[in-house]
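Trainee: Next up is a structure, given as C-alpha cells.
The values are calculated or read from the model by the stated rules, or taken from the named source; none is laboratory data. Bear in mind the structure is a predicted one, so any value in this text is a computation, not a measurement. Positions of Cβ are backbone-derived with ideal geometry, glycine not excepted, and every protein chain shown enters the neighbour counts.
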Amino acid sequence: MGELLGAAVGFPGVVFSSALLVVVAFWLLVLLGGFDADGFDADVDLGALGLGGVPVAVVASLMVVVGWLSAVTGSVLVGRTGLGGAAQVAADGAVFPVSLAVAWCAARGLVRPLAQLFPDEPGPSRQDFIGSFCTIRTGRVDADFGQAEVAARDGSTAIVQVRQFGTDALSAGSTGLLYAYDDDGEFFWVAAHGAELGSAPPDGASRPRRA
C-alpha cells in the first residue's frame with residue numbers, strides 16, 4: 001500500500017493524481033447540476049486527434065484515469081528495479097510520456113464504441129414546433145397569457161407558452177396552430193385551427209409559416 005501511495009504522490013504519478021482529483025470534482029458537480037458534461041464541446045475539437053464523437057469531458061476523463069493507472073504502475077515497476085540516482089530519475093522521467101501515450105491510445109480505442117452512445121444529432125429546438133398543431137390548456141389565450149400542449153417528433157409532449165395576435169376563440173381543449181416564435185418573450189404565436197393568420201406578429205418573432 002505504501003508503495004502505491006508513494007507512486008501516486010511522486011513524479012510523474014502526482015501529475016495525474018492532481019488531474020484525477022479535478023476530474024472527480026467535475027463529475028460530482030455535473031451530478032449536482034453545477035456543470036454541463038458537454039459544455040466544453042463548442043470550444044474544443046478533438047476530431048483531428050482521433051478522439052471526436054464523444055464529449056470532451058469524457059475523453060479527458062478517460063485519458064486522466066488511464067494515465068494515472070499507467071503512471072502509478074510504471075513508477076512502482078521502476079522502484080522495484082533497484083535503480084538509484086540519475087538512472088532512477090531518468091526512468092521516472094520516461095514513465096510520464098509513456099503514460100501519456102498509453103492514455104491516448106486507450107482513449108482513442110474507447111471513443112469509437114462510446115460514440116454510439118452520443119449520436120451526433122442536434123437536440124430538440126423550439127423552432128421545431130413552428131407549424132405544429134397544439135391543444136390549448138388554459139381557459140383563454142390573449143396577447144399576455146396562455147399555455148398549450150404540443151407533441152414533438154419523438155412523440156413526447158411539452159407545455160409551451162402561447163400568445164395570440166388576434167381575437168380567435170381559443171380556450172381549453174381547442175386546437176391551435178403555432179405559427180411563429182418570439183425570442184424575447186420566449187413564447188409562440190398561435191392561431192385557431194383553420195383561421196387565417198391575418199396580420200404578422202410584432203417584430204422579433206420568427207417568420208410565420210404553415211405546417
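Trainee: Can you give me the number of residues within the range 78-125 that are closer than 30 Å to Tyr179 by Cβ and at pLDDT 80 or above?
Mentor: 0
Trainee: A further question follows. Mind listing just one residue for me: the one in the range 121-164 that is within 28 Å of the chain's Cα centre (by Cα) and of a type in the set (D, E, K, R) and, of those, surrounded by the most Cβ atoms within 10 Å (Cβ to Cβ)?
Mentor: Arg126
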